[in-house]
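Derivation of every value follows stated rules applied to the coordinates shown; laboratory data play no part. All of these numbers come straight from a predicted model, not from anything done at the bench. Positions of Cβ are generated from backbone atoms using ideal geometry, with glycine treated the same way; all protein chains shown enter the neighbour counts.
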Amino acid sequence: MMDEKFFIGLLALAFVKATPITLGALTGIYSERSGIINIGIEGTMLVAAFTSFIVSVVSQNLWVGLLGGMLAGGLVSLLLAVLSIRYKVNQIIAGMVINLLAIGVTNYATRVYIDTSGIAGIGVLPKWRIPLLMDIPILGPILFQHQPLVYFMFGLVVLTHYVMFYTPWGLRTRAVGEHPRAADTVGIPVNPMRYASTVIGGLIAGMAGSFLVVEAVGSFQKMMTTGRGFIALAVMIFGRWNPFGALVAALLFGFAEALGVRLQLGDINNIQALVYLTGLGMLLGGTIQMITDFVKKKETRSKIIAGMVAITGLIAAILGQTLTFPPTVIPFQFLGILPYVLTILVLTGMVRGAAAPAAEGVVYEKQ
Amino acid sequence: MRKNLFVSLLVLLTIVLVLSACGGATPTATEKPATDAPTEVVTEAPTEPAATEEAPTEEAAGCAIRIGYVTDVGRIDDDSFNEASWTGIQQAAEQLGLGDDCYDYIETQDTADYVSNIEAFVKEGYTIIVTSGFLITEGTRTAAESNPDIKFVGTDQGQDVDYDGVDDVIPNLTGILFHEDQSGFLAGALAGLMTESNTIGGVYGTNTVPPVVRFKVGYELGAKHVNPDITVLSAYHPGTSDVAFVDPAWGGETAQTMIDQGADVIFGAGGDTGNGALTAACNAGLPVIGVDVDQYLTVPEVQACIMSSAQKDLVTAVRDNVLAAAGEGEWTPGTFYGKAFLAPFHDWEDKIPDDVKATLEDLAEQILAGEIVTCPPGSEGAGCPE
């Protein structure tokens with residue numbers, strides 16, 4: 001039942017599902033940290049997905065397709081940047097324009113160039129099984145037997161964190177997003193920084209869109225992003241405009257979505273699985289909280305509460321594993337809202353310090 | 001700072017609302033067969049609301065018979081539902097020797113336009129009117145009652161509107177339905193006979209669309225009929241009907257989950273979502289089964305893997321009923337059941353053993369003879385006869 005294989009499958013799928021969302025969130029982080037609101041991630045991904053399909057078919061090479069998709073993403077974001085910076089269009093409207101434009105353009109092009117010609121996709125990128133690491137029990141299959149873009153996503157999260165918080169370039173980007181006037185005074189070119197950051201974000205959104213084609217599906221379908229770009233936006237906010245925060249939020253979302261699918265397959269007692277997993281979650285959360293409490297020398301009450309949560313979780317987990325539950329099937333629509341409910345529940349506590357870049361959405365003009 | 005966060009959230013909320021409103025305002029997607037038609041619903045509705053695109057041409061005096069076709073929301077060449085019915089009408093018109101100006105269609109842009117679109121044809125003096133889709137059932141029935149001289153044909157429109165097991169017949173109206181459960185049953189039997197791991201999977205659109213549910217019910221029954229110990233893994237897309245049919249990535253990931261649990265044959269019944277499952281399974285080197293039309297022809301990516309498709313023959317059903325309405329063939333008011341069967345094996349012709357083929361033929365005969373129940377009473381949401 002809920003054996004090793006169950007957890008491995010669940011967590012591995014969570015990483016796959018989190019990949020396009022995390023990449024989309026990184027897109028948002030790049031542009032919004034520099035002061036440009038980007039709600040056009042969804043549209044950017046869609047155009048990139050379409051382009052990567054066409055390019056991969058024409059070139060018969062998925063990597064070239066990925067590159068094409070990324071370039072398309074960069075171009076779409078350049079459009080956003082030009083609209084927002086050069087023409088001072090309201091950035092939310094500019095983003096919406098991109099979303100609507102993307103739907104129209106890709107649907108039309110699909111109808112004209114794909115539907116009629118019957119061209120076929122050329123498959124998906126093979127899994128990269130990392131030698132040695134893949135043989136680690138449990139962790140190996142969860143982390144090290146994925147298709148390449150999943151690793152790229154991890155790499156980009158680390159890289160973005162480093163660039164944003166440990167390099168002069170990142171400091172300048174953030175300065176431009178927080179207080180452009182001050183940045184300008186010390187000689188940082190505000191608008192060029194914004195262009196660069198938005199376009200870099202676009203390249204990453206291009207990767208997110210291409211992921212759907214070159215890794216997940218192998219062909220393009222109309223509107224295939226189905227809202228992942230908007231989820232990415234939410235994940236970015238919940239992650240407090242931080243790469244690692246976004247990754248955690250996306251993983252949580254991906255895990256809940258994977259769980260929703262997994263429980264529906266019908267070979268697992270749903271109630272038992274939920275009791276067990278909730279127990280494990282409480283145990284994990286309680287333990288981590290307790291450790292941080294000790295490290296930060298918090299008051300005793302906080303430690304006791306954390307400990308009680310952990311113990312309750314442990315009991316629930318043991319009960320979940322040992323008791324026999326009546327066979328119950330939870331309506332799959334409920335399982336469908338799981339990701340949203342879980343994300344909200346866990347993250348409401350974390351968003352307290354959330355603060356968007358101060359100059360976000362504000363056009364900068366020299367005086 | 002707070003204000004920015006608030007604005008961002010507000011915008012997100014607006015987008016979600018707008019998107020869901022698009023879906024909600026076009027409930028056609030609820031009784032649509034598991035094809036990609038809802039895609040059209042989503043894309044069309046927001047851009048061109050409530051407008052009929054093409055009025056029927058006037059003046060076709062030389063026509064003894066005039067056929068008008070009101071599509072379901074979406075376009076005429078949608079590679080699926082609307083197009084198949086139109087093909088049937090064109091074939092019938094050809095057989096009847098009608099000129100091009102004797103038959104025409106209106107592309108419905110919004111569910112609110114169904115009635116006025118039918119009215120347009122009635123006023124023009126059309127003698128046969130074909131309507132497409134479950135949601136136009138009432139509109140078609142009302143029009144048929146008030147225009148007894150015009151023959152009506154409706155696809156996906158069961159005529160047992162009060163669900164008492166007896167058709168509520170209007171003499172000048174035939175509604176076409178399909179036994180999706182029957183072709184699903186055969187698909188399940190094929191999967192059950194071909195599996196080596198004794199585990200098979202099915203990835204479906206939404207359970208709010210009865211034909212999709214019937215495919216699932218049939219598939220599971222068929223597999224268990226030929227292979228009682230088999231494990232059948234099934235999953236519906238949890239989203240609303242505007243998303244449930246257009247999410248190939250979800251379909252692919254779900255198929256992959258099933259494959260990880262040991263499934264070695266995947267059935268995809270949910271438009272693009274189902275197609276995503278087919279391509280994912282095919283990329284993993286496993287055999288798949290398609291749905292609705294012969295997907296060997298419509299999903300080129302999976303030609304090497306697709307064993308067959310649980311097909312329903314909309315073209316023939318529409319053609320025959322239009323011909324009957326024109327006096328060539330027997331006119332059967334009430335519900336007409338079109339054929340649902342397995343599509344050709346194509347590349348798998350040689351790979352499927354003869355005894356499997358023989359069993360399938362045998363089962364098909366038994367189903368037609370009514371010896372096997374493919375849609376048992378009590379199957380929730382399937383609309384099976386009670």
Cα→Cβ-extended label distance, 7 Å offset, between B:Glu349 and A:Ile93, nm: 6.1 nm
statement: Across A:Gly95, A:Gly279, A:Gly73, the residue with the highest GNM fluctuation in chain A (Cα network, 10 Å cutoff) is A:Gly279
task: Would you kindly derive the ³J(HN,Hα) couplings of segment A:93-102 from the backbone phi angles with the Karplus curve 6.51 cos²θ - 1.76 cosθ + 1.60 (θ = phi - 60°), listing them in order in whole Hz, with x for Gly and Pro?
output: 5, 4, x, 5, 4, 5, 4, 5, 4, 4
query: Where does each of B:Glu196, B:Glu145 land when they are ranked from fewest to most other beta-carbon atoms within 10 angstrom?
result: B:Glu196, B:Glu145
FRET efficiency, 1/(1 + (r/R0)^6) with R0 35 Å, evaluated for A:Gln333 and A:Leu284 via beta carbons: 0.80
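First measure r as the distance between the Cβ atoms of A:Thr324 and B:Asp100, then evaluate 1/(1 + (r/R0)^6) with R0 = 56 Å and state the FRET efficiency to the nearest 0.05. Can you show the working numbers first?
Values: r = 69 Å, r/R0 = 1.24.
In this case the efficiency is close to 0.20.
So what is the 222 nm mean residue ellipticity for chain A from helices alone, if each DSSP H run of at least 4 adds -39500 (n - 2.57) and you divide by all residues, rounding to the nearest 500 deg cm²/dmol?
Result for chain A, helices only: -23000 deg cm²/dmol.
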- prompt: Amide H neighbours of A:His146 under 5 Å, counting only residues 5+ apart in sequence or on other chains, H built in-plane at 1.01 Å?
  reply: A:Trp128, A:Ile130
query: Could you give the nm distance between label points at B:Glu119 and B:Val373, where each point is 7 Å from its Cα heading toward the beta carbon?
result: 4.5 nm
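Classify segment A:4-256 as rounded, prolate or oblate, taking a ≥ b ≥ c as the square roots of the eigenvalues of its Cα gyration tensor: rounded when a/c is under 1.5, otherwise prolate if a/b is larger than b/c and oblate if not.
Values: a/c = 2.03, a/b = 1.20, b/c = 1.68.
Taking the square roots of the gyration eigenvalues as a ≥ b ≥ c, segment A:4-256 is oblate.
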- request: Convert each backbone phi in segment B:319-333 into a coupling constant with the Karplus relation 6.51 cos²θ - 1.76 cosθ + 1.60 (shift: θ = phi - 60°), then list the ³J(HN,Hα) values in order as whole Hz, x for Gly and Pro.
  value: 4, 4, 6, 5, 4, 4, 5, 8, x, 9, x, 7, 7, 10, x
- prompt: Sequence-distant or interchain residues sharing an amide H contact under 5 Å with B:Gly202, placed H: which?
  reply: B:Leu233, B:Ser234, B:Ala235, B:Phe267
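Quick one: length gained pulling A:Trp128 to A:Leu345 fully straight, 0.36 nm per residue minus the C-alpha distance? Could you put the intermediate results ahead of the total?
Details: separation 217, 0.36 × 217 = 78.12 nm, distance 3.46 nm.
This chain segment gains 74.7 nm when fully extended.
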- request: State the answer as a single residue: which of A:Ala232, A:Leu132, B:Val122 lies farthest towards the positive end of the charge dipole of the protein assembly as shown, with beta carbon charges of +1 for Lys and Arg and -1 for Asp and Glu, about the Cα centre.
  value: A:Leu132
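Tell me, in nm to one decimal, what length is gained between B:Glu138 and B:Val166 on full extension, where the rule is 0.36 nm per residue of separation less the Cα-Cα distance? Write out the running numbers ahead of the final one.
Values: separation 28, 0.36 × 28 = 10.08 nm, distance 1.69 nm.
Difference between extended and current length: 8.4 nm.
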field: Difference of contour (0.36 nm per residue) and Cα-Cα distance, A:Thr116 to A:Ala355
entry: 81.2 nm
field: Candidates A:Met193, A:Met134, A:Met308: whichever shows maximal mean-square fluctuation once chain A is modelled as a Gaussian network with Cα springs under 10 Å
entry: A:Met308
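Label segment A:221-367 by shape, choosing from rounded, prolate and oblate, from the square roots a ≥ b ≥ c of the eigenvalues of the Cα gyration tensor; if a/c is under 1.5 it is rounded, and otherwise prolate applies when a/b is larger than b/c, oblate when it is not. Don't jump to the answer; show the numbers that get you there.
On the way: a/c = 3.78, a/b = 1.26, b/c = 3.00.
It comes out oblate by the Cα gyration axes.
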query: With labels modelled as points extended 7 Å from the Cα through the Cβ direction, what inter-label distance (nm, one decimal) is found for A:Tyr162 paired with A:Ile291?
result: 2.5 nm
- prompt: How high is the relative contact order of chain A, in percent, with contacts defined as C-alpha pairs under 8 Å that are six or more residues apart?
  reply: 30 percent
Cα centroid separation - segment A:47-63 against segment A:201-269, whole Å: 20 Å
query: Which parts of segment B:288-303 would a label at B:Ser197 reach, counting a residue when its backbone N lies under 19 Å from a point 7 Å out along Cα-to-Cβ?
result: B:288-290
message: How big is the dipole moment of the protein assembly as shown about its Cα centre under a simple scheme where the beta carbon of each Lys and Arg is +1, that of each Asp and Glu is -1, and everything else is neutral? Debye, nearest 20, please.
response: 5720 debye
Placed amide H near B:Thr335: partners under 5 Å, 5+ positions off or other chain: B:Gln159, B:Gly175
message: Give the separation of the Cα centroids, segment B:130-207 to segment B:325-370, in Å.
response: 16 Å
task: Convert each backbone phi in segment A:8-21 into a coupling constant with the Karplus relation 6.51 cos²θ - 1.76 cosθ + 1.60 (shift: θ = phi - 60°), then list the ³J(HN,Hα) values in order as whole Hz, x for Gly and Pro.
output: 4, x, 4, 6, 4, 5, 4, 5, 5, 5, 6, 4, x, 5
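Please arrange A:Tyr195, B:Tyr69, A:Tyr87, A:Tyr162 by counting, for each residue, the other beta carbons lying within 10 Å of its beta carbon, fewest first. Provide the component values of the computation, followed by the final result.
Working: A:Tyr195 20, B:Tyr69 28, A:Tyr87 9, A:Tyr162 12.
Fewest to most other Cβ atoms nearby, the residues stand as A:Tyr87, A:Tyr162, A:Tyr195, B:Tyr69.
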query: Is the shape of segment B:204-275 rounded, prolate or oblate, going by the alpha carbon gyration tensor and its root eigenvalues a ≥ b ≥ c, with a/c under 1.5 for rounded and a/b larger than b/c for prolate?
result: oblate
task: Please build a GNM for chain A, connecting alpha carbons under 10 Å apart, and tell me which residue among A:Asp293, A:Asp184, A:Asp267 fluctuates the most.
output: A:Asp293
- prompt: Under Stokes-Einstein, with the Kirkwood radius over Cα pairs standing in for Rh, what whole-number D in µm²/s applies to the protein assembly as shown at 20 °C and 1.002 mPa s?
  reply: 78 µm²/s
